[in-house]
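First the structure, in the form of structure tokens, and then the observations on it.
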Amino acid sequence: MSGIGPWEAVAGWSRGEPEVRLAGRDDIEPLVLVLARAFADDPVACYLFDGERARARGLRRFFGAQLRTMMMGPGEVWTTSRASGAAIWVRPGAPRAATWRDAVRLAPVFADVVLGGRASASFRLLADVERARPTQEHWYLATLGTDPRAQGRGVGSALLRSTLKAVDDEGMPAYLESSKRQNVPFYMRHGFEVTGVVRSVDGAVSLWPMWRSPRPPGG
Ligand SMILES: CC(C)(COP(=O)(O)OP(=O)(O)OC[C@H]1O[C@@H](n2cnc3c(N)ncnc32)[C@H](O)[C@@H]1OP(=O)(O)O)[C@@H](O)C(=O)NCCC(=O)NCCS
């Protein structure tokens, strides 16, 4: 077999691992669309935003605000050579005001949440998610998403692996909330462990907080 097929081109993947790089401001627009597509059927996004149009608009605004906020200093955004996915990390010690809940607050996203039928339950869920976050310093994976056309090709794993290696080298733990039960085994394979569950008041959606202790060098 030789040459790069259409899937590999989308994934930025020639042979072996997709190439991972730090994202810059020029990547914001394409990554907003990639992430909005990746999360279009996410259960929590479906809960927060009523209807497909509000969700598409809300997700674009949310990821635009989150990417811009993180690139200003409190975080790091990693992508692949062809911007087919993104991992948005918040540094240890960054003010909590830099977390995704507050990135939402910076954007007019709330208009879509407020206009939705579950506004108070949605805000309660966001507050409960924030409360579940450990106080011990850690790298926080605020968002991980791969363009649906490039999923299952190693993009998400490559994005995770490269930062987790650096996180291990620092001896730091890492933390995330999985908004899909089916992603839990994927994160477990990267060393995260489920530490609990956060449910919406009506029990309609759940998130799984996951913690990863640093691996010893060479481990
Ligand atoms: C979760 C998500 C980020 C994973 O990204 P991805 O790029 O599909 O991840 P990978 O391709 O590295 O791994 C996915 C699976 O494909 C497999 N895979 C990896 N490389 C592969 C390859 N070259 N060929 C075939 N399969 C491969 C992996 O083993 C993995 O299987 P597993 O889940 O059983 O471990 C992606 O599915 C996504 O964006 N989902 C929607 C948004 C979302 O749910 N984000 C996370 C919120 S918690």
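The values are calculated or read from the model by the stated rules, or taken from the named source; none is laboratory data. These numbers come from a predicted model, not from an experiment. Here the Cβ positions follow ideal geometry from the backbone for every residue, glycine too, while neighbour counts run over all protein chains shown.
At-a-glance table
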read-out	value
Any hit, segment 135-148, residues being aromatic (Phe, Trp, Tyr), more than 12 Å from the ligand (Cβ to nearest atom), in contact with a Leu (Cβ under 9 Å, 6 or more places away or on another chain) and not in a helix (DSSP H, G or I)	yes
Looking only at segment 172-219, and only at residues there that are assigned to a strand (DSSP E or B) and among the polar types (S, T, N, Q), the one that is nearest to PRO134 (Cα to Cα)	SER178
Residue count for segment 137-191, restricted to those that are under 23 Å from VAL205 (Cβ atoms), among the hydrophobic types (A, V, I, L, M, F, W, C) and within 12 Å of the chain's Cα centre (by Cα)	4
Verdict on VAL167 being of a type in the set (Val, Ile, Thr), within 13 Å of the ligand (Cβ to nearest atom), modelled with pLDDT of 95 or more and in a helix (DSSP H, G or I)	no
Every pair of residues 6+ apart whose Cβ atoms lie under 7 Å, when the first sits in segment 135-150 and is free of Cβ contacts under 8 Å to residues at least 40 places away in the same chain while the second is surrounded by fewer than 24 Cβ atoms within 10 Å (Cβ to Cβ)	GLN136/PRO173
Options ALA54, ALA83, ALA38: the member that is within 22 Å of ARG181 (Cα to Cα), in contact with a helix residue (DSSP H, G or I) (Cβ under 7 Å, 6 or more places away or on another chain) and either surrounded by fewer than 17 Cβ atoms within 10 Å (Cβ to Cβ) or small (Gly, Ala, Ser) (or both)	ALA38
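Table: residues versus (1) crowded, with 18+ Cβ neighbours inside 10 Å; (2) modelled with pLDDT of 95 or more; (3) within 8 Å of the ligand (Cβ to nearest atom).
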| residue | (1), (2), (3) |
| --- | --- |
| ALA158 | yes, yes, yes |
| LEU176 | yes, yes, yes |
| LYS180 | no, yes, yes |
| PRO185 | no, yes, yes |
| SER213 | no, yes, no |
| PRO217 | no, no, no |
